[in-house]
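Colleague: Let me give you the structure first, and then I'll get to my questions.
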Amino acid sequence: MTQFLRQLFIMTVYNPTQAASVLLDRAVSRDAAWSILALGVILNTLLYFLSTTLFPMPPEFTLPLLRSPVMVGTILGLVVFIFAFVFYWLGRVMGGQGTFDHILLMMGWLQFMRLFVQFSSLMLMLFLPGIAQLFVLGAGLYGAWIVVNFLNVAHQYDSLGKAVMLLMLTLFGLVIGMSIVLSVIGVTTVGLA
């Protein structure tokens, strides 16, 4: 299993389309996909708190909600779940054939890819802080390319353009939705009202 995960990781970096096909060809139950996603979220939350412990931000720049591991894990889990649901639903509206189980598995695997990026950036911050910021920027942009390829495979689109449109519409919709939710609960640009 370790060998498969190592090969899948390398494949995801070098050939995301093939990696998505290999991942989605695996017979993984919905329960297992939920477990993979949950473990990825928990590990990302733990690594987030390790990095904020090593490199604390001034209190005025952090929301009180982001000081609790349970809250950060819950928020991250909800955001990933919402992304998975919107990728599934909107992808189907746009003519895709993907199943929710496939999208869920894809999002779980991408959480582990994110974990690697987070760990690598933490190591770079310890030894080469200037390069760490460039690494995070590059990894974020390349991560979007990986997501586009995964969505294209999961929904069996005939072009990457549809997958790009799905990602852009999802991001746009979630930004609008989050803006509405945050304004309703009273969060302003400075912090809590």
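Colleague: It is to be established whether one or more residues within the range 34-42 are open to solvent by less than 90 Å² (accessible area, probe 1.4 Å) and in contact with a Lys or Arg (Cβ under 8 Å, 6 or more places away or on another chain).
Modeller: Within the range 34-42 (the criterion being open to solvent by less than 90 Å² (accessible area, probe 1.4 Å) and in contact with a Lys or Arg (Cβ under 8 Å, 6 or more places away or on another chain)), the answer is yes, since at least one residue qualifies.
For (1) of a type outside the set (Phe, Trp, Tyr); (2) open to solvent by less than 70 Å² (accessible area, probe 1.4 Å); (3) over 21 Å from LEU46 (Cα atoms); (4) at pLDDT 95 or above, each residue gets a yes or a no:
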residue	(1), (2), (3), (4)
ASP101	yes, yes, yes, no
ARG114	yes, no, no, no
VAL148	yes, yes, yes, yes
LEU182	yes, yes, yes, no
LEU192	yes, no, yes, no
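Colleague: If the Cβ limit is 6 Å and pairs must be 6+ apart or interchain, which residue in the range 68-85 that is more than 10 Å from VAL41 (Cβ to Cβ) and without any contact (Cβ under 8 Å) to a residue 60 or more places away in the chain pairs with which residue that is open to solvent by less than 40 Å² (accessible area, probe 1.4 Å) and hydroxyl-bearing (Ser, Thr, Tyr)?
Modeller: PRO69/THR45
Colleague: Separate question: Looking at MET168, is it in a helix (DSSP H, G or I), touching a helix residue (DSSP H, G or I) at 6+ places or on another chain (Cβ under 9 Å) and either more than 30 Å from VAL28 (Cα to Cα) or open to solvent by 30 Å² or more (accessible area, probe 1.4 Å) (or both)?
Modeller: When the stated conditions are applied, MET168 does not pass them.
Colleague: Can I ask one more? So is GLY108 buried (at least 20 other Cβ atoms within 10 Å of the Cβ), more than 14 Å from the chain's Cα centre (by Cα), within 19 Å of PHE150 (Cβ to Cβ) and not aromatic (Phe, Trp, Tyr) or not? Let's see the steps before the verdict.
Modeller: Working: buried (at least 20 other Cβ atoms within 10 Å of the Cβ): yes; more than 14 Å from the chain's Cα centre (by Cα): no; within 19 Å of PHE150 (Cβ to Cβ): yes; not aromatic (Phe, Trp, Tyr): yes.
Taking the combined requirement at face value, the residue does not satisfy it.
Colleague: Among the residues of the range 92-109, is any out of contact with any Gly (no Cβ under 8 Å at 6 or more places or on another chain), in contact (Cβ under 8 Å) with a residue 12 or more places away in the chain, of a type in the set (S, T, N, Q) and part of a helix (DSSP H, G or I)?
Modeller: No, the range 92-109 contains no residue that is out of contact with any Gly (no Cβ under 8 Å at 6 or more places or on another chain), in contact (Cβ under 8 Å) with a residue 12 or more places away in the chain, of a type in the set (S, T, N, Q) and part of a helix (DSSP H, G or I).
Colleague: Something else about it: For the range 122-140, give me the residue count where each residue is in contact with a Phe, Trp or Tyr (Cβ under 8 Å, 6 or more places away or on another chain) and touching a residue at least 24 places away in the same chain (Cβ under 8 Å).
Modeller: Narrowing the range 122-140 to residues in contact with a Phe, Trp or Tyr (Cβ under 8 Å, 6 or more places away or on another chain): 124-125.
Adding the requirement that they be touching a residue at least 24 places away in the same chain (Cβ under 8 Å) leaves 125.
Summing the residues that are in contact with a Phe, Trp or Tyr (Cβ under 8 Å, 6 or more places away or on another chain) and touching a residue at least 24 places away in the same chain (Cβ under 8 Å) in the range 122-140 gives 1.
Colleague: Filter the range 1-51 down to the residues that are of a type in the set (Lys, Arg) and in a helix (DSSP H, G or I) and list them by number.
Modeller: Correct list: ARG6, ARG30.
Colleague: Just one of the numbered conditions (1) surrounded by 15 or more Cβ atoms within 10 Å (Cβ to Cβ); (2) at pLDDT below 90 is not true of PHE61; which one?
Modeller: (1)
The values are calculated or read from the model by the stated rules, or taken from the named source; none is laboratory data. If you're wondering where the values come from, they're calculated on a predicted model, not measured in any experiment. Note: ideal-geometry Cβ built from the backbone for every residue, glycine included; neighbour counts use all protein chains shown. These accessible areas exclude ligands, DNA and RNA; they are computed on the full protein's heavy atoms, side chains included. Shrake-Rupley method; radii C 1.70, N 1.55, O 1.52, S 1.80 Å.
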